[in-house]
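Below: one structure, written as structure tokens.
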Amino acid sequence: MITPSDFSEQYESLINRPVLAKAADFQRQERLTHVIFAQQFDRDMLNHLCSTASMIRQISRHRQGQDFLTGLLSHKRAMLYFTQASTRTFLSFMAACQILGMTCNEIRDPTTSSEFKGESPLDSMRMFSSYFDVVIMRSNMAKFAESCAYLMNELASQGRRSVPVVNAGSGADEHPTQALLDIYTIQRTFEFSSQKDNARQSRFDTLRRRYPELNKGLENKTYGFCGDVGRGRTVRSLTTLLALWPGVRFNFIYPNYDKLAPYADMLTRLEEAGVGIEHSHSLPDVINRLDMLYMTRIQHEHDTDADRRFFETFDAAQFTLYPELLSKMREYCPILHPFPRNQEIPFEIDSDPRAMYFRQARNGMWIRAALLAHLFDVDGKIGAFHQKNYGA
Ligand code: NCD
């Protein structure tokens, strides 16, 4: 059994540096070379990725556009190395690779690879880099993706073959590409440019009359995060990105139990970024004040015996989006969820126009395609094709 310390020790001094020093190791000029944590992204880069994602979406609607896109990276091969359970992240990365014409290969079950015979995951990683052009990886070990990126950098510095590493979820630690699709979904919601909108009457204009404070874009909003705020990696990564916008406030809504509360390091970081933070133990109490609601499941796979005892008497009602609560919510407030869901969002909610979670999952495919285009430096070609065929 390989433990995180087996590989993280090797790179401990690199892992323990301040995050901005580390981020510099994962980019060349303005372009990322590995995607490991959310703090690598700034607002310009996020806006650029979102606009590339929207272009890819539009270009994909026609056969000629699809043929253009699949020609972009048809000479590249991706390894999807997912040794922790995944549905959406795995499939949307695979679909994103296919949109750009990349060939995909996968390892999902380590018992089918030589790791079962005791091979170190770092050796596996080096082997992948011999055969493939990018490794997209999910692991239950925090810092493993980061260690793999240092391994690749070490190889590059010796003039050896090295490929980009993309973190598709590492332990309870980070899930940066989920945060990208969450940002893209929120941004699209607050563009207020649904197809129904036109110059005379837009949904935004109607809402603005009822909600005079409401502005377009991500700034000046109250974002609610409900559920297992402590152990869910998606909240850690998404709050990091949202904190880049001015005037954001976070309302963390979680059971009154230490492990489910936002971790101190995250709170300190957010406070330093100037985010206003509120804590609550009841969704019904605060739901009318939210501009966006991000629901999460309780991450029972991390439970210890003590946690299981706590959950025996736990009442989930305060953290469930019951249909009765919908009328208390603002009419524009999008409901997001990274999925999988358990009982925190009953099926009846799915038909409400504010339920974004299926669109959110589809957005993952577009933004991940945009990220791959960025890594392989073909986003400029996408922009030029879009300009030529669709105008500004
Ligand atoms: C999440 C994950 O794996 O972190 N799912 C996802 O990637 N869409 C959330 C979860 O497991 O609860």
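The values are calculated or read from the model by the stated rules, or taken from the named source; none is laboratory data. Remember, predicted model here, so these are calculated numbers, not experimental data. Quick reminder, even Gly has a Cβ in these numbers, built from the backbone with ideal geometry, and neighbours come from all protein chains shown. Keep in mind that these areas ignore ligands, DNA and RNA; they rest on the heavy atoms of the full protein, side chains included. Shrake-Rupley method; radii C 1.70, N 1.55, O 1.52, S 1.80 Å.
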### Summary
Per the filter on the range 149-181, residues away from the ligand (no atom under 11 Å from the Cβ), outside any helix (DSSP H, G or I) and open to solvent by 10 Å² or more (accessible area, probe 1.4 Å) are 158, 159, 160, 161, 162, 164
### Task
Could you figure out which of (1) surrounded by fewer than 19 Cβ atoms within 10 Å (Cβ to Cβ); (2) out of contact with any Pro (no Cβ under 8 Å at 6 or more places or on another chain) isn't true of residue 346?
(2)
### Query
Which residues, counting only those in the range 358-379, are surrounded by fewer than 21 Cβ atoms within 10 Å (Cβ to Cβ) and within 16 Å of the ligand (Cβ to nearest atom)?
358, 359, 361, 362
### Task
Return the pairs, sorted by first residue and then second, in which the second residue is open to solvent by 30 Å² or more (accessible area, probe 1.4 Å) and modelled with pLDDT of 95 or more, the first residue lies in the range 298-311 and is more than 9 Å from residue 231 (Cβ to Cβ), the beta carbons are less than 6 Å apart, and the residues are 6+ apart or on different chains.
310/257
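Residue by residue through the range 302-323, note down the ones that are of a type outside the set (A, V, I, L, M) and part of a loop (DSSP other than H, G, I, E, B). Before the answer, list the steps.
Taking the range 302-323 and keeping what is of a type outside the set (A, V, I, L, M), we get 302-305, 307-315, 318-320, 322-323.
Within the range 302-323, 303, 304, 313, 314, 315, 320, 322 qualify.
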### Task
For the range 67-89, name all the residues that are open to solvent by 50 Å² or more (accessible area, probe 1.4 Å), within 23 Å of the chain's Cα centre (by Cα) and either away from the ligand (no atom under 16 Å from the Cβ) or among the small types (Gly, Ala, Ser) (or both).
77, 85
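Would you check which residues across the range 214-265 are assigned to a loop (DSSP other than H, G, I, E, B), in contact with a helix residue (DSSP H, G or I) (Cβ under 8 Å, 6 or more places away or on another chain) and within 16 Å of the ligand (Cβ to nearest atom) and list them? Spell out the reasoning first.
In the first step, residues of the range 214-265 are kept if they are assigned to a loop (DSSP other than H, G, I, E, B); the result is 214-221, 227-232, 243-248, 254-257, 261-263.
Remaining after also requiring in contact with a helix residue (DSSP H, G or I) (Cβ under 8 Å, 6 or more places away or on another chain): 214, 216-218, 227-231, 243-245, 248, 254-255, 257, 262-263.
Matches in the range 214-265: 227, 228, 229, 230, 231, 254, 255, 262, 263.
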